[in-house]
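No lab work stands behind these numbers, since they all come straight from the coordinates. Quick caveat, the model's predicted, so the values are computed rather than measured. So basically every Cβ, Gly included, is an ideal-geometry build from the backbone, and we count neighbours across all protein chains shown.
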Amino acid sequence: MPTIKANNITINYEQQGTGEPLLLIPYLAADNACYAFQVADYAKQFTCISLDPRGAGESDKPAGTYSTELFADDIAAFIAAIGLDRVHVAGLSLGAAIGMWLAAKHPARVKSLSLHSAWAKSDAYLEIVVRGWQSMAKGLGSVTEMIIQGIFPWCFTPELYAAKPEHIEALASFVRGRPAQPLAAFLQQSEAVIAHDAAAQLAKIKAPTQITFGRYDLVTGARFADTMKGGIAKSELIVFEDCSHAPIYENVAEFNAKTLAFLGRQAG
């Protein structure tokens with residue numbers, strides 16, 4: 001996979017498909033492959049560019065404090081470095097938090113914005129959840145196994161575990177097959193999640209924006225919907241009624257159809 005230097009780090013990325021560029025920003029601890037179930041459909045209409053953020057995958061993992069604003073600066077530099085002007089931007093969870101900062105701080109780079117399972121500012125509940133993941137990662141000595149044992153149950157409904165255990169196991173195998181994130185890098189990324197505060201940035205977002213949540217998401221669920229929908233002028237809201245934090249895996253067909261419909265309206 002290609003790499004490029006941007007904002008003083010080397011960023012690893014993957015590109016597939018044809019059409020207008022669509023930048024896919026991964027969530028916490030994930031690399032570029034995390035949107036595999038979306039790229040299969042998205043790449044039929046868009047040039048999908050999936051990257052490894054600072055601290056994940058094969059991108060650099062420098063020491064120091066990470067923030068969602070810093071991630072956004074990385075990505076703005078990345079867009080310029082690969083020779084693009086404006087791109088459609090989509091992200092889930094941490095990827096969405098980064099997308100907010102990118103669209104607010106670098107508006108000329110963002111043609112449309114897709115914010116999935118997002119939140120404007122971390123609250124005490126989200127912080128204690130993420131602190132629990134940090135403790136589990138330290139205790140297990142493995143970010144990979146922490147994701148499967150600690151993060152998965154927050155991402156999927158009990159009904160999915162009961163009805164499709166083979167799907168959960170396939171996702172676990174997928175995670176185990178990706179480059180393992182070092183514990184230190186996970187702690188840096190997760191501290192950025194805890195510190196995230198883009199509340200004052202929402203009014204600066206001018207790009208057409210789709211906001212989506214899973215009905216049963218307790219991590220960054222519908223308690224943030226009013227703030228985000230009210231704060232971003234050109235925004236629309238969709239709720240996936242049978243999903244938790246990760247509709248991208250829990251209801252792939254509906255997620256892809258509804259997000260592609262939005263993206264298609266913004267293309268051209």
* Which value, in debye to the nearest 20, describes the size of the charge dipole of the stretch 1-141 about its Cα centre when Lys and Arg Cβ atoms bear +1, Asp and Glu Cβ atoms bear -1, and nothing else is charged? -> 160 debye
* Asked: Within the stretch 5-125, what is the number of lysine pairs with alpha carbons under 26 Å apart, leaving out pairs fewer than eight places apart on the same chain?
  -> 8
* **Nitroxide proxy distance, nm - points 7 Å out along Cα→Cβ at ALA162 and ALA81** => 4.8 nm
* Structure fact -> Dividing the surface of the Cα convex hull of the stretch 133-250 by four yields a projected area in nm² of 8.3 nm²
* For the stretch 75-87, in order, what is each residue's ³J(HN,Hα) by Karplus, 6.51 cos²θ - 1.76 cosθ + 1.60 with θ = phi - 60°, in whole Hz (x at glycine and Pro)? -> 6, 4, 5, 4, 4, 5, 5, 8, x, 9, 9, 10, 9
* Calculate for the chain the 222 nm mean residue ellipticity that helices alone would give, adding -39,500 (n - 2.57) per DSSP H run of length 4 or more and normalising by residue count, nearest 500 deg cm²/dmol. => -12500 deg cm²/dmol
* **Relative packing of 194-201, 65-72, which averages over residues the other C-beta atoms within 10 Å, highest first** => 65-72, 194-201
* Asked: Which one of GLY55, ALA90, GLN134 has its Cα pushed farthest toward the positive end of the charge dipole of the stretch 52-205, where Lys and Arg give +1 and Asp and Glu give -1 at the Cβ?
  -> ALA90
* **Net length gained if the chain between PHE37 and LYS5 were fully extended (0.36 nm per residue, minus Cα distance)** => 8.8 nm
* Calculate the spin-label point distance for ALA200 paired with ARG223, positioning each point 7 Å from the Cα along the beta-carbon direction, and give it in nanometres. => 2.4 nm
* Asked: If the chain between GLN149 and VAL252 were fully stretched, how many nm would it gain, using 0.36 nm times the residue separation less the Cα-Cα distance?
  -> 34.9 nm
* Asked: Taking every DSSP beta bridge that has both residues in the chain, what percent is antiparallel when rounded to the nearest 5?
  -> 25 percent
* To do: Using Cα Rg over 2.2 N^0.38 Å as the read-out, say which of [x] 1.32; [y] 0.91; [z] 1.06 was calculated from these coordinates.
  => [y]
* Geometric extent, Cα atoms of the stretch 54-126 - Rg, Dmax (angstrom) -> 12.6, 40
* Asked: What distance in nm separates the simple spin-label points at LYS121 and LYS234, each placed 7 Å from Cα in the Cβ direction?
  -> 2.6 nm
* On average, how much area does the Cα convex hull of the stretch 82-185 cover when viewed from any direction, in nm²? -> 8.7 nm²
